[in-house]
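A.B. asks: Structure in structure tokens, see below.
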Amino acid sequence: MRIEPDLWQLYLDVYFRPIRPLRFEASGAIISLWNPSGEIQSATKNERLSRFWQGALQRANRPYQLLWGGDKPMLYRELSVFIRCDVALAFKWASRLDQLGFYYVQQDKQLRLYNSRDITQTELVTGEMQTRLCFTPLPRTNLALQ
């Protein structure tokens, strides 16, 4: 199932705000913990989802780091995880988390967007991951919540 062009473009315009210092020394996936299937949920439901998936990652012995993914001013942002893994495992985690898409960071450089349900829909976001990091204070408003 392809992601429609307007939503795909929103995904391509992504920025990330680390919660703690974040280094992409190894390749891995950035996957949202919130809003499965692209459906906006309440803060309570998203908090429950994020705790559940962090526990699942810990039980799977899969190291992860939290970060925010969203628009440049972070008015819309979703709590996400960076998981060190290959692309095949990234597809599996994105599917488990019921996410429409995920980002793959190739050794601190390339950032690529993948449709988690259609391997043929993929696009390079940037050749330099650092250009998509932002460090501005988070606004009070978050449009990713009901």
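The values are calculated or read from the model by the stated rules, or taken from the named source; none is laboratory data. Please read all numbers here as calculations on a predicted model, not as lab measurements. Counting neighbours? That spans all protein chains shown, and the Cβs are built from the backbone with ideal geometry, glycine included. Note: areas computed on protein heavy atoms with side chains; ligands, DNA, RNA excluded. Shrake-Rupley method; radii C 1.70, N 1.55, O 1.52, S 1.80 Å.
A.B. asks: Hey, THR44 hits all of (1) closer than 19 Å to ASN142 by Cβ; (2) over 12 Å from the mean Cα position of the chain (by Cα); (3) in contact (Cβ under 8 Å) with a residue 12 or more places away in the chain but one; which does it fall short on?
C.D. replies: Just one mismatch for THR44, condition (3).
A.B. asks: Next question. For the range 2-97, give me every one of the strands (runs of 3 or more DSSP E) that falls completely inside it and has 3 or more residues that are closer than 18 Å to THR126 by Cα.
C.D. replies: It comes to 15-18, 28-32, 64-70.
A.B. asks: For SER50, indicate whether it is polar (S, T, N, Q), more than 16 Å from the chain's Cα centre (by Cα) and open to solvent by less than 50 Å² (accessible area, probe 1.4 Å).
C.D. replies: Considered against the rule, which asks whether it is polar (S, T, N, Q), more than 16 Å from the chain's Cα centre (by Cα) and open to solvent by less than 50 Å² (accessible area, probe 1.4 Å), SER50 comes out as no.
A.B. asks: Which residues, taken from the range 99-111, are over 14 Å from PHE16 (Cα atoms), open to solvent by less than 70 Å² (accessible area, probe 1.4 Å) and in a loop (DSSP other than H, G, I, E, B)?
C.D. replies: Passing the criteria: GLN99, LEU100.
A.B. asks: Cβ-Cβ below 8 Å, separation at least six or inter-chain, first residue in the range 87-98 and surrounded by fewer than 16 Cβ atoms within 10 Å (Cβ to Cβ), second of a type in the set (Ser, Thr, Tyr) and in a helix (DSSP H, G or I): which pairs?
C.D. replies: Matching pairs, first to second residue: ASP98/SER37.
A.B. asks: Also: Kindly check whether there is at least one residue in the range 127-141 that is among the polar types (S, T, N, Q) and either under 13 Å from the mean Cα position of the chain (by Cα) or outside any loop (DSSP other than H, G, I, E, B) (or both). Step through it out loud before you land on a result.
C.D. replies: So in the range 127-141, the residues among the polar types (S, T, N, Q) come out as 130-131, 136, 141.
Checking the rest, the ones that are also either under 13 Å from the mean Cα position of the chain (by Cα) or outside any loop (DSSP other than H, G, I, E, B) (or both) come to 130-131.
Yes, because at least one residue in the range 127-141 is among the polar types (S, T, N, Q) and either under 13 Å from the mean Cα position of the chain (by Cα) or outside any loop (DSSP other than H, G, I, E, B) (or both).
A.B. asks: Somewhere in the range 112-123, is a residue small (Gly, Ala, Ser) and either surrounded by fewer than 20 Cβ atoms within 10 Å (Cβ to Cβ) or at pLDDT below 95 (or both)?
C.D. replies: No, the range 112-123 has no match at all.
A.B. asks: Could you check THR44 against (1) open to solvent by 100 Å² or more (accessible area, probe 1.4 Å); (2) more than 21 Å from ARG96 (Cβ to Cβ) and say which number it fails?
C.D. replies: With (1) open to solvent by 100 Å² or more (accessible area, probe 1.4 Å); (2) more than 21 Å from ARG96 (Cβ to Cβ) applied to THR44, the lone miss is (1).
A.B. asks: Something else now. State all residues of the range 19-32 that are open to solvent by 50 Å² or more (accessible area, probe 1.4 Å), closer than 19 Å to GLN107 by Cβ and either free of Cβ contacts under 8 Å to residues at least 12 places away in the same chain or of a type in the set (A, V, I, L, M, F, W, C) (or both); if no residue qualifies, say none.
C.D. replies: Step one: list which residues in the range 19-32 are open to solvent by 50 Å² or more (accessible area, probe 1.4 Å), which gives 19-21, 23, 25.
Imposing the further condition that a residue be closer than 19 Å to GLN107 by Cβ reduces the set to 21, 23, 25.
Selection gives PRO21 alone.
A.B. asks: Would you check which residues across the range 4-18 are touching a Phe, Trp or Tyr at 6+ places or on another chain (Cβ under 7 Å) and either open to solvent by 20 Å² or more (accessible area, probe 1.4 Å) or modelled with pLDDT under 95 (or both) and list them?
C.D. replies: Matches in the range 4-18: ARG17 only.
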